[in-house]
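Each reported figure results from applying straightforward, stated rules to the coordinates on display, with no laboratory input. Remember, it's a predicted structure, so these values are computed and weren't measured experimentally. Every residue, glycine as well, gets a Cβ built from its backbone with ideal geometry; the counts of neighbours run over all protein chains shown.
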Amino acid sequence: MDNNQLSLIKATVPILKEHGVTLTKHFYQRMFTHNPELKNEFNMGNQANGRQQTALATAVLAYAEHIENPSVLIGALQSIGQKHVSLNITAAQYDIVGSHLIAAIKEVLQDVATEELLEAWTIAYNQLAKIMIDLEAGYYKENREKKGGWNGWRTFIINRIVEESTEIKSFYLTPKDNQPIASYHPGQYLSVKTFVEALGHEQPRQYSLSSAFNEKYYRISVKKENPENLPAGYVSNNLHNKKVGDQIEVSAPAGLFHIGEKPQQPLVLISGGVGITPMMSILEAQAEKENKIVWLHSCRNENVQAFKNEVNHYHENFKNVTAYTFFNELASETKYKKIGFMNLDEIKKDIILPDAKYYVCGPQAFIKAQFESLKKLGVQQDSIFYEEFGPQLLNLN
């Protein structure tokens with residue numbers, strides 16, 4: 001890409017800031033019209049609520065702003081690459097996306113989209129596509145060569161279903177082929193794919209693994225959504241209707257939100273609602289270690305609180321584990337069961353620990369509130385890690 005083309009890309013930054021979502025909405029409409037088979041690969045719930053269009057607009061803008069040095073975006077690109085591999089995205093699909101993106105730029109920007117500009121964006125997109133394809137090839141290779149690992153979709157059987165609360169069920173998944181399964185880092189997720197009758201096609205979704213790794217099964221824990229939240233809840237509610245013995249398609253574990261193999265530092269685990277799931281994986285994997293663990297969870301009431309018995313067990317029987325729960329509704333308050341929204345300042349003596357790492361998962365507003373609270377308490381940003389369900393819209397670090 002020459003200097004003139006770089007300048008052309010940079011010149012589109014103000015346009016993308018103002019009209020980026022309009023562009024991405026048109027792009028997705030165009031792509032699904034011409035390539036309806038891709039509806040099987042994309043989360044149509046996030047299409048309906050606009051989160052995917054906003055996330056793509058944000059990503060395109062960031063790429064344009066850093067076109068001279070896209071390596072500064074590597075963290076975000078790695079996260080996207082992990083998601084793509086979990087969805088079995090192929091190099092050929094990058095060509096489809098690229099053709100529709102350039103066409104959308106031409107159709108939305110009209111006279112502004114000169115041949116020079118379109119050529120510059122074609123080169124820019126191909127440059128980004130190569131970065132992503134090469135990155136994802138490494139992830140595919142790692143999955144393929146790992147003991148029990150695989151690429152693409154693999155059939156699993158629902159071996160057991162456990163009601164964790166009035167809203168959340170755990171699904172124990174065992175491979176239909178009875179072959180070994182891949183290990184994972186506590187905090188990672190699976191993609192699952194199932195046919196959704198209401199949509200008439202398959203839909204993939206990501207669910208955090210909610211237990212420490214064992215060689216027999218994977219466990220995911222899924223919240224049932226209210227009907228008014230559809231279509232975002234189509235797959236979750238579809239899973240809640242499944243029975244023991246049913247089959248679903250599963251991809252290999254993925255994701256960058258995890259504690260690594262042998263964390264030695266204190267861990268502060270902060271979750272809201274169904275954001276509890278990756279924290280359970282971390283808690284189960286680490287409770288018997290010597291490092292300090294502080295568990296902080298927020299939910300509406302005790303009826304919707306998942307894993308309460310398990311968390312109480314660790315809190316009462318492991319000296320290195322301290323667990324606080326915040327409830328919107330609670331009959332009476334105790335030292336470790338609080339009424340109201342999560343207040344980190346109230347328990348700062350327990351959570352501000354030397355060399356601690358802080359993991360946050362939950363709704364977008366919850367993550368942002370806890371991130372800001374931790375910063376006010378003096379926690380450095382590079383010690384805070386968060387997992388946002390769905391397309392990444394937050395950019396806090």
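Sorting THR174, THR277, THR33 by the number of Cβ atoms found within 10 Å of their own Cβ, with the fewest placed first, yields THR33, THR174, THR277. The order of ARG219, ARG300, going from fewest to most other C-beta atoms within 10 Å of their C-beta, is ARG300, ARG219.
Against the chain, whose longest principal axis is taken from its Cα atoms, helix 115-145 shows a tilt of about 40°. Residues PHE341, PHE32, PHE371, PHE27, ranked from the fewest to the most other C-beta atoms within 10 Å, line up as PHE341, PHE32, PHE371, PHE27. Entry note, the chain: relative contact order of 15 percent, from Cα contacts under 8 Å with a spacing of 6+ residues. Over the C-alpha trace of the range 263-397, radius of gyration and Dmax come out as 13.9, 39 angstrom. With the Cα gyration tensor of the range 64-118 giving a ≥ b ≥ c as the square roots of its eigenvalues, does the rule (a/c under 1.5 for rounded; else a/b larger than b/c for prolate; else oblate) give rounded, prolate or oblate? Because a/c hits 1.5 or more and a/b fails to exceed b/c, the range 64-118 counts as oblate. The long axis of helix 74-86 is offset from the longest Cα principal axis of the chain by roughly 80 degrees.
Between helix 51-65 and the chain there is an angle of about 60 degrees, using the helix long axis and the longest principal axis of the Cα atoms. Can you pull a Stokes-Einstein diffusion coefficient for the range 3-145 at 20 °C (1.002 mPa s), Rh from Kirkwood over Cα pairs, as a whole number of µm²/s? After rounding, the answer is 136 µm²/s. Within the shell defined by Cβ-Cβ distances under 10 Å, the residues around GLU329 carry a net charge of 0, with Lys and Arg each +1 and Asp and Glu each -1.
Which whole-number percent gives the relative contact order of the range 285-397, counting Cα pairs below 8 Å spaced six or more residues apart? Mind showing how you got there, number by number?
Details: 131 pairs, mean separation 22.4, N = 113.
For the range 285-397, the relative contact order is 20 percent.
Which distance in Å, rounded to a whole number, links the C-alpha centroids of the range 78-145 and the range 331-366? When both Cα centres are located, 40 Å separates them.
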